[in-house]
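First comes the structure, then the notes that go with it.
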Amino acid sequence: MLKILIILVFLSIIASLGIALFHLITNKETSAKTVKALTYRISISLALFILLAIALMSGLIQPSGIGMQMQLQKEKMAEQK
């Protein structure tokens, strides 16, 4: 459920960026709609960042990239010494 929410928020960020590009291309004399769309994009991005931080701190998501694997290897090597 959380992954679907994150994907939907990310897609809304991309859609907002596309809307801003459309308004930038079509309305060359005024940029109010472009600025509004980019402001929405920034606020949605901030909301996604906060959502990811809360999910990470609460344990709903776990990091699982190469950095996490390297950290686990360092911890394992430190325990062996």
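The values are calculated or read from the model by the stated rules, or taken from the named source; none is laboratory data. Model, not experiment: these values are computed from the prediction. Reconstructed Cβ throughout: ideal geometry from the backbone, glycine too, with neighbour counts over all protein chains shown. Ligands, DNA and RNA are excluded from the accessible area calculation, which covers all protein heavy atoms including side chains. Shrake-Rupley method; radii C 1.70, N 1.55, O 1.52, S 1.80 Å.
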Could you tell me whether S43 is hydroxyl-bearing (S, T, Y), open to solvent by less than 100 Å² (accessible area, probe 1.4 Å) and either in contact with an Asp or Glu (Cβ under 7 Å, 6 or more places away or on another chain) or in contact (Cβ under 8 Å) with a residue 12 or more places away in the chain (or both)?
no
Scanning segment 51-75 residue by residue, those polar (S, T, N, Q) and within 17 Å of the chain's Cα centre (by Cα) turn out to be Q62, S64
Scanning segment 56-81 residue by residue, those among the acidic types (D, E) and open to solvent by less than 100 Å² (accessible area, probe 1.4 Å) turn out to be E75
Checked pairs for segment 16-33, first open to solvent by less than 80 Å² (accessible area, probe 1.4 Å), second of a type in the set (G, A, S), C-beta under 8 Å and 6 or more apart or across chains, list as S16/A37; A20/A37; H23/S31; H23/A37
Exactly one of K33, K76 is closer than 18 Å to L21 by Cβ and assigned to a helix (DSSP H, G or I), and that residue is K33
Considering segment 1-15, residues that are surrounded by 14 or more Cβ atoms within 10 Å (Cβ to Cβ) and aliphatic (A, V, I, L, M), and then whichever is nearest to A55 (Cα to Cα), we arrive at I6
